[in-house]
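Colleague: This is the structure I want to talk about, given as structure tokens.
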């Protein structure tokens, strides 16, 4: 097949923003060097995939010795699973800056290939890790940084006068109608979490971090993903997200270390994928074996480098900080 150039060979990011990216990466590495955190590299391709129903892997294949008929490979959506294997092997505190890949994501704030910073701190919970995220991001902003922290329940109460942990799906739907969320009257969403996500993204997120950094923590237990659940009344997931100028920059967890519980969550993910008609994927047995061996108590966070660079340079579209986004790749 012949691919014909459209003439769009030039980068979409200015040279000044490409220099800003290089400086940002250098500053991040300097921060972790001073903190004594080891930089690591892990594979971008795996025979296993993420089971997360909200994410779709891009795929490739290997044909060669041991796989004459081809072997399916999944491009990682995050380096989390192999990094946890390193933690279980005794690596200590580690970080990684890498390209990650997510199918079906493109737009002003998304590109299917993007740059992620991920790091893990043994001995930290999600509050201690929020402290470090704040120190790092504020250092990148030359120390000029106002920060606020609110629980998930507090932001729903503040902006929507709702208790997100106890409101029914119908009450959440009625709130979406009252807030005139686009299409709410015709949307059919399966359960509370989908309505919570809709309200969070449309009504709350745009207002977060308008004067600096805003951390939201202690999410509903049903949204634990890979986080520990703290059995309060009601139970909450020990995770956080970081927002700046209404944009999500980072997602962190007090990491789940229970292999049996992690397997159950993977299995529930696969059930949800089947219900929504998404392709079934192999859960990461290497990760589960590492958890069986023993993951040290730790917290981890993933931060989007491209989005952070947007905020640092005043860009309004992701393309402005990427050399070659999808349509010019």
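Please treat every number below as a calculation from the coordinates, not as lab data. Remember, it's a predicted structure, so these values are computed and weren't measured experimentally. Ideal geometry is used to build each Cβ from the backbone, glycine not excepted, and the neighbour counts take in all protein chains shown.
Colleague: One-quarter of the Cα convex hull surface for segment 27-75, in nm²?
Modeller: For segment 27-75, averaging the hull's shadow over all directions gives 5.8 nm².
Colleague: Counting only helical runs of four or more DSSP H residues, what would the 222 nm mean residue ellipticity of the chain come to if each run contributes -39,500 (n - 2.57) and the total is spread over all its residues?
Modeller: On the way: 9 runs with 107 residues, N = 329.
Counting only the DSSP helices, I get -10000 deg cm²/dmol.
Colleague: Next up: With all pairs of different alpha carbon atoms counted, what Kirkwood hydrodynamic radius in Å does segment 11-98 show? Walk me through the intermediate numbers first.
Modeller: Details: mean 1/r = 0.0632 Å⁻¹.
Over segment 11-98, the inverse of the mean reciprocal pair distance is 15.8 Å.
Colleague: Could you check how many percent of all C-alpha pairs in the chain are farther apart than 32 Å?
Modeller: 32
Colleague: Can I ask one more? Please report, for the Cα atoms of segment 197-253, the Rg to one decimal and the Dmax as a whole number; what are they, in angstrom?
Modeller: 11.8, 33
Colleague: Subtracting the Cα-Cα distance from 0.36 nm times the residue separation, let me have the gained length for residue 280 to residue 313 in nm, one decimal. Mind dumping the intermediate values first?
Modeller: Details: separation 33, 0.36 × 33 = 11.88 nm, distance 3.99 nm.
Full extension of this stretch gives 7.9 nm more.
Colleague: In Å and from the alpha-carbon atoms only, list the Rg and Dmax of segment 118-249.
Modeller: 15.7, 47
Colleague: For segment 236-313, what relative contact order do you get, as a whole percent, if you take Cα pairs closer than 8 Å and at least 6 residues apart?
Modeller: Details: 67 pairs, mean separation 30.9, N = 78.
About 40 percent, as a whole number.
Colleague: Considering only C-alpha atoms, what is the centroid distance from segment 112-150 to segment 254-329, in Å?
Modeller: 17
Colleague: If you project the alpha carbons of segment 253-296 onto their three principal axes, what span does each projection cover, largest first, in Å?
Modeller: Extents along the principal axes, in whole Å: 36, 20, 15.
Colleague: Which of the peptides 15-28, 178-191, 311-324 is most tightly packed, and how do the rest follow, going by the mean number of other Cβ atoms within 10 Å of each residue?
Modeller: For the peptides 15-28, 178-191, 311-324, the packing ranking is 311-324, 15-28, 178-191.
Colleague: What's the ranking of 225-231, 274-280, 68-74 by average number of surrounding C-beta atoms within 10 Å, highest first?
Modeller: Working: 225-231: 17.4, 274-280: 10.6, 68-74: 13.1.
The packing order, highest mean first, is 225-231, 68-74, 274-280.
Colleague: Run through all the Cα pairs of segment 43-184 and give the fraction in each 10 Å bin from 0, expressed as whole percent.
Modeller: 9, 22, 29, 28, 9, 3, 0
Colleague: Subtracting the Cα-Cα distance from 0.36 nm times the residue separation, let me have the gained length for residue 180 to residue 148 in nm, one decimal.
Modeller: 8.8 nm
Colleague: Beyond 17 Å, what share of the Cα-Cα pairs of segment 242-326 is found? Please give it as a whole percent.
Modeller: Looking at segment 242-326, the distances longer than 17 Å represent 66 percent of pairs.
Colleague: Follow-up. Can you tell me how much longer the chain between residue 61 and residue 16 gets when fully stretched, taken as 0.36 nm per residue apart minus their C-alpha distance, in nm with one decimal?
Modeller: 12.5 nm
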